[in-house]
Each structure stands twice: as structure tokens, then as C-alpha cells.
1. It is to be established whether one or more residues within the range 82-101 are touching a strand residue (DSSP E or B) at 6+ places or on another chain (Cβ under 8 Å), within 26 Å of residue 179 (Cα to Cα) and touching a residue at least 24 places away in the same chain (Cβ under 8 Å).
2. Tally the residues that are assigned to a loop (DSSP other than H, G, I, E, B) and under 30 Å from residue 164 (Cα atoms), restricting the search to the range 1-22.
3. Which one of 54, 49 is surrounded by fewer than 18 Cβ atoms within 10 Å (Cβ to Cβ), part of a helix (DSSP H, G or I) and touching a helix residue (DSSP H, G or I) at 6+ places or on another chain (Cβ under 8 Å)?
4. Condition first: without any contact (Cβ under 8 Å) to a residue 40 or more places away in the chain and surrounded by 15 or more Cβ atoms within 10 Å (Cβ to Cβ). Now tell me which residues in the range 111-139 satisfy that.
5. Quick check on residue 43: is it in a strand (DSSP E or B), closer than 30 Å to residue 189 by Cβ and in contact with a helix residue (DSSP H, G or I) (Cβ under 9 Å, 6 or more places away or on another chain)?
6. In the range 7-35, what residues are surrounded by 13 or more Cβ atoms within 10 Å (Cβ to Cβ) and within 25 Å of residue 104 (Cβ to Cβ)?
């Protein structure tokens, strides 16, 4: 993970510096970990240290929250809960959620794309910082599955992994100035289902 997330980013950051170009790095809300301050697992740390390197070299980092949307079918276990649970339903598998209603900031891929375009057009001259890319509203996994009309049960509390993030929510004042999310969860899931039903 450190090789792919850090070493590759280091090489790319050094190359963009050599070419006098600004790197826009796809970072992660995993940087906040369980305490909202520091990463709590290797994935989070690999993204955090890569992000710091990019910023030091004058690039910018976009901290994506929980991204969902078209063309994530090759992401395996890293695909969104929406995609994974729809696949489970197709395969006739039982759908289970963690109890205690953890919440996530679910951000539609079209918002992520617009944030990257906005960064290219507005932030390549004044780089050297990080920004959040999210919807700005924390929602439960139940909200996602209810909108998809999926039925579910729950795991036992003891099945919740150590270091599990129970709450993520981007703050609009940490977004790029002038950019904002256009897709709430309901509209994003409706658009996503339209895409999936066309396949």
C-alpha cells in the first residue's frame, strides 16, 4: 500500500515539479481516522503522507469523502456500499450493516469530477494546500439502502472492526472557494440507478 499510494505519488510529484506543473492529488477523508484528527489505519496513513508530500511540492490535494457512482465495478471491496449491496441483491446474498448507525458523507462521482475540473481551472496557480470534496451532510448506510429499496439486517456489535470510522462529514468552509456540491444523496442514487439500469 505504501508503494502504490506513497512511492508512486512521490515519483509523480517530483516529475511534475521538474516539468513545472501543479499536481492535483486524489486524497481521502481516511486522513481523519476515528478521532477526526489523524489516520487510524495503513490506508489512511499512506494517503496522508502522500498528500503532505504533494502539498510541500506546491500541488493541491482533494480529500474525497465516500464516493459512489458509475464505472466503479472494477473496484472490488473498495466500491461504494451502494454498488456492493446492489450486487449482493442480484446474487441473492443477505445484506448486513454494522449496528449503531455509522454515518458517512456520500459524494456522487459527478461532484468529484466537477471538483477536479474546478481545481484545474482555478487552483493550479495558487496551490500548496488541501481541500475537502464531499456533499456536506453525513447520512447513514440505512439511508442509502432505503433509497435503493434494499432490505437488510445487522451484524453483531462485536463484528465492528477496530479503528472503524463512525462519522465523516465534509465542511463547506473546507471546500475550494467557489465550488460546491450539486448532488444530494437521493438525486445521486436516482441518477446512478438510471445508469446501472442501462447496462
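1. Scanning the range 82-101, I find at least one residue that is touching a strand residue (DSSP E or B) at 6+ places or on another chain (Cβ under 8 Å), within 26 Å of residue 179 (Cα to Cα) and touching a residue at least 24 places away in the same chain (Cβ under 8 Å), so the answer is yes.
2. 1
3. Just a single option satisfies the conditions, and that option is 49.
4. Selection gives 138 alone.
5. So residue 43 fails the test.
6. Across the range 7-35, the qualifying residues are 9, 24, 25, 26, 27, 28, 29, 30, 31, 32, 33, 34.
No lab work stands behind these numbers, since they all come straight from the coordinates. A quick note: this is a predicted structure, and the numbers were derived from the prediction, not measured. Neighbour counts are summed over all protein chains in view; Cβ atoms, including those assigned to glycine, are modelled from backbone coordinates with ideal geometry.
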